[in-house]
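Visitor: The structure is given below, and queries will be raised subsequently.
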Amino acid sequence: QVQLVESGGGLVQPGGSLRLACAASGFTLDDYAIGWFRQAPGKEREVVSCISSSDGNTYYADSVKGRFTISRDNAKNTVSLQMNSLKPEDTAVYYCAAALILYSDYDSIVPQSYDYWGQGTQVTVSS
């Protein structure tokens, strides 16, 4: 059974850091493009960051550029999202998603393009 599991969420003060991990079972993440998305109460799910399966290109939403970093650890079959300088507006449930095939750059940033999703991990940034 294909499964994705997020971990690393929690409560952190503004300016703090968290590292989220997306772990796969039943398939190899190296074969998939991986996206991190987040959804806050009352808001639509939005892309945070993506990493391709081929050339390793990355994408970051304007709201997180310079603060977040996405990376792969193929030996552990995981993808991580390092989040620094966290702000209250980063508070959301964070999801990882995997796509075997993406047909365009635009496809990589829309949730409907992804085949598999984790259950999400809560990130709360508050004093």
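The values are calculated or read from the model by the stated rules, or taken from the named source; none is laboratory data. No experiment lies behind these values; they were computed from the predicted model shown. Here the Cβ positions follow ideal geometry from the backbone for every residue, glycine too, while neighbour counts run over all protein chains shown. Remember, those area values only see protein heavy atoms, side chains included, never the ligands or the DNA or RNA. Shrake-Rupley method; radii C 1.70, N 1.55, O 1.52, S 1.80 Å.
Visitor: Would you mind telling me the antiparallel percentage of the DSSP bridges in the chain, rounded to 5?
Guide: Bridges in the chain are about 90 percent antiparallel.
Visitor: Moving on. If I take all pairs of Cα atoms in the chain, what percentage of them are more than 19 Å from each other?
Guide: 42 percent
Visitor: Here's something else I'd like to know. Could you work out how far apart the two model spin labels at residue 52 and residue 7 are, taking each label as a point 7 Å from the Cα in the direction of the beta carbon, and quote it in nm?
Guide: 3.1 nm
Visitor: What are the aspartates and glutamates whose alpha-carbon lies under 19 Å from the alpha-carbon of residue 87, with same-chain residues fewer than 8 places away excluded?
Guide: Straight-line reach from residue 87, under 19 Å: 44, 46, 62.
Visitor: Can you tell me which aspartates and glutamates have their Cα less than 12 Å from the Cα of residue 65? Leave out same-chain residues fewer than eight positions away.
Guide: Answer for residue 65, where 12 Å is the Cα cut-off: none of the aspartates and glutamates qualify.
Visitor: Give the carbon-plus-sulfur fraction of the accessible surface of segment 64-127 in %, rounded to a whole number; probe 1.4 Å, heavy atoms of protein chains only.
Guide: Looking at segment 64-127 in its full context, I get 48 percent from C and S.
Visitor: Solvent-accessible area per residue for segment 13-127 at a 1.4 Å probe radius, Å²?
Guide: 52 Å²
Visitor: Could you tell me which Cys residues in the chain have no other cysteine's Cβ under 4.7 Å from their own Cβ, answering none if every one has a partner?
Guide: 50
Visitor: Next question. Restricting to DSSP loop positions (anything but H, G, I, E, B) with no more than 14 other Cβ atoms inside 10 Å of their own Cβ, which GluC sites (Glu not before Pro) remain in segment 1-49?
Guide: Passing sites in segment 1-49 are 44.
Visitor: Next question, about the same structure. How about residue 76: which aspartates and glutamates have a C-alpha closer than 15 Å to its C-alpha, ignoring those fewer than 8 places off in the same chain?
Guide: 6, 30, 31
Visitor: Turning to a different aspect of this structure: Tally Lys and Arg at +1 and Asp and Glu at -1 over the other residues with C-beta under 15 Å from the C-beta of residue 9: what net charge comes out?
Guide: That works out to 0.
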